[in-house]
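Have a look at the structure below, then the notes.
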Amino acid sequence: MTRYAAITSFLGAATVLTAPQAVAADAPTNAESVSSTVGTARPLGALGPLTDLVIQRIRVSDDVAASKFGTASPIEDPVREAQVLEQVRTQAEAAGVNPDAAVAFFQDQITASKAVQKGLFARWTAHPEEAPTTRPDLGPIREQLDQLTTALLQELKDTQAWREKPVACTVQLALATGSGAVLERLDTLHRQALRTATHSVCRSNE
């Protein structure tokens, strides 16, 4: 099945599931989403940009795993996690985003990242031939994560109206994550990470 056919099939299913109240006048139509997404390979719908950033962050977890594998660096780092979440709280307050919601969202990002790292460690241990042959520097990786944090906070702010409507948010999130997983060809490990990372997006999930 081609990428376009896969997206079209997904959209057909999503259209059947979409409740009338879940589609606001300012939301992009499916046709508009397809035309703008097929060429750029971005998730569809009102929560597409947010989901795109989440997937980017999940992909960075692969680099984090590669930088740690075979070293003494632990996957679990409570001190670092606490620092990141405190920074998120400060940035959220400055950006006008609910700090508690932001912290919950980024806790999910951290949990998803650790799940990917653990999954890759297990895979590479069982299949050494698949293990990375180079070790990325954590410095640039953390700079990239900081940039993603800023962008994600902006998207949380921009999508606040959607995320406060449980039904609309659930439909839009399903559209965004489903199409994103197809477009990015995520494997089972990364699809599960995407579900974890988007758990707190909708108000009903908080």
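The values are calculated or read from the model by the stated rules, or taken from the named source; none is laboratory data. Please read these numbers as outputs of a predicted model, since none were measured by experiment. Cβ: placed from backbone, ideal geometry, glycine included. Neighbour counts: every protein chain shown. What goes into the accessible areas is simple: the full protein's heavy atoms, side chains included, and nothing from ligands, DNA or RNA. Shrake-Rupley method; radii C 1.70, N 1.55, O 1.52, S 1.80 Å.
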Can you pull out every residue in region 90-127 that is among the β-branched types (V, I, T) and open to solvent by 30 Å² or more (accessible area, probe 1.4 Å)?
T90, T111, T125
Considering only residues that are of a type outside the set (K, R), assigned to a helix (DSSP H, G or I) and surrounded by 11 or more Cβ atoms within 10 Å (Cβ to Cβ), which ones fall in region 71-89?
E81, Q83, V84, L85, E86, Q87, V88
Where a residue in region 104-131 is closer than 28 Å to A92 by Cβ and its partner, wherever it lies, is polar (S, T, N, Q) and open to solvent by 50 Å² or more (accessible area, probe 1.4 Å), with Cβ under 8 Å and at least six apart
A115/Q192
When you scan region 39-48, do you find a residue that is touching a helix residue (DSSP H, G or I) at 6+ places or on another chain (Cβ under 9 Å), under 24 Å from K118 (Cβ atoms) and at pLDDT 50 or above, even just one?
no
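Please specify each residue of region 45-77 satisfying the condition of being among the small types (G, A, S) and farther than 22 Å from D137 by Cβ.
Of everything in region 45-77, those that are among the small types (G, A, S) and farther than 22 Å from D137 by Cβ turn out to be G45, A46, G48.
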Members of region 132-151 that are farther than 18 Å from G70 by Cβ and in contact (Cβ under 8 Å) with a residue 40 or more places away in the chain:
Q144, L145, L148, T149, T150, A151
Determine whether A151 is surrounded by fewer than 22 Cβ atoms within 10 Å (Cβ to Cβ) and more than 30 Å from A72 (Cβ to Cβ).
yes
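For the structure I just gave you, tell me whether A41 is surrounded by fewer than 16 Cβ atoms within 10 Å (Cβ to Cβ), of a type outside the set (V, I, T) and in contact (Cβ under 8 Å) with a residue 60 or more places away in the chain.
Details: surrounded by fewer than 16 Cβ atoms within 10 Å (Cβ to Cβ): yes; of a type outside the set (V, I, T): yes; in contact (Cβ under 8 Å) with a residue 60 or more places away in the chain: yes.
When the stated conditions are applied, A41 passes them.
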Give the number of residues within region 128-148 that are within 16 Å of the chain's Cα centre (by Cα) and open to solvent by 40 Å² or more (accessible area, probe 1.4 Å).
3
